[in-house]
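These notes concern the structure reproduced below.
Taken together, the values in this text are just the output of simple stated rules run on the coordinates, not laboratory data. Given the structure is predicted, the values throughout are model-derived calculations rather than measurements. Here Cβ is always computed from backbone atoms with ideal geometry, including for glycine, and neighbour counts include all displayed protein chains.
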Amino acid sequence: MKVGILGSGDVATSLGTGFVSLGHEVRLGSRDASNPKTVAWAQKTHGKGSTGTFADAAAFGEVVVLATLGVATKEAIRLAGPSHFDGKVVIDATNPLSFSGQGPPSLAIGHTTSAGEENQKAIPKAHVVKAFNIVGNAHFFRPSFPNGPPDMFICGNDPAAKKQVEKILHDFGWPSVVDTGGIEGSRELESLCILWVKSALVLGNWNIAFRLLRK
Ligand SMILES: NC(=O)c1ccc[n+]([C@@H]2O[C@H](COP(=O)([O-])OP(=O)(O)OC[C@H]3O[C@@H](n4cnc5c(N)ncnc54)[C@H](OP(=O)(O)O)[C@@H]3O)[C@@H](O)[C@H]2O)c1
């Protein structure tokens, strides 16, 4: 499968490395096609990874991942060209964090909308699925915790797209995927990111992840 990832940060490179190790072809996109971070990443992928602009990555991917600064993602989509997402499954890993206050970040928007919903509106012919936003990138691929793997929560409007993302998550080492409904569920999943950050700060430990207990 061809995967296009919009982003040059840790989320983009971690997911890119995960997809490459599963045998997929990956193109990372940036505002600058010769971004040193994406170029350095591609050099380590034995020809499976390539780089380009946001538009190059979006056009390349059969599946496209949004891995950009949360509050800049709509701008990244605009630069990529919204039509490049038409008909595709789009994994939205972003969080609309606001760093304007003191202390840990808060959500720039929320409660009446979310980044997931706004991103879906920006690419109305794509099938956006929120995923990967509730855990640190160090644990995206093959998460290993003493009590077993954590749960991944996802949401999105298209059942077939969610099934495809669930399969990707299983391949990444997430056996338990909780489908929380339509893309408006991003309001809760993006808030869960804040809970994750605050918990990590209180515990002094970023190696944490969520799990639903069942009986
Ligand atoms: N860090 C984590 O472990 C983690 C975990 C889960 C979810 N997330 C979320 O995943 C997303 C990516 O996080 P990250 O830490 O990898 O990177 P980041 O620093 O949040 O974002 C970097 C990316 O955003 C793009 N960008 C920044 N300003 C922009 C603008 N004005 N217009 C267009 N694009 C812009 C950059 O473009 P260039 O390539 O051109 O510089 C770069 O590709 C964020 O939304 C974050 O909240 C992070």
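Of note:
- In this structure, residue 167 does satisfy being surrounded by fewer than 17 Cβ atoms within 10 Å (Cβ to Cβ) and of a type in the set (Lys, Arg).
- Considering (1) surrounded by 24 or more Cβ atoms within 10 Å (Cβ to Cβ); (2) of a type in the set (Val, Ile, Thr); (3) touching a residue at least 40 places away in the same chain (Cβ under 8 Å), the lone condition that residue 38 does not fulfil carries the number (3).
- Residue pairs meeting the criteria (Cβ under 6 Å; at least 6 apart or on separate chains; first within 6 Å of the ligand (Cβ to nearest atom), in the stretch 1-16; second part of a loop (DSSP other than H, G, I, E, B)): 7/67; 7/68; 8/35; 11/67; 11/93; 12/67
- Members of the stretch 99-115 that are more than 16 Å from residue 154 (Cβ to Cβ), in contact (Cβ under 8 Å) with a residue 12 or more places away in the chain and within 11 Å of the ligand (Cβ to nearest atom): 105, 107, 108
- Residue in the stretch 152-168 that is under 20 Å from residue 69 (Cα atoms) and in a helix (DSSP H, G or I) present: no
- Of all residues in the stretch 50-83, exactly one satisfies the criterion of being crowded, with 24+ Cβ neighbours inside 10 Å and away from the ligand (no atom under 14 Å from the Cβ), namely 61.
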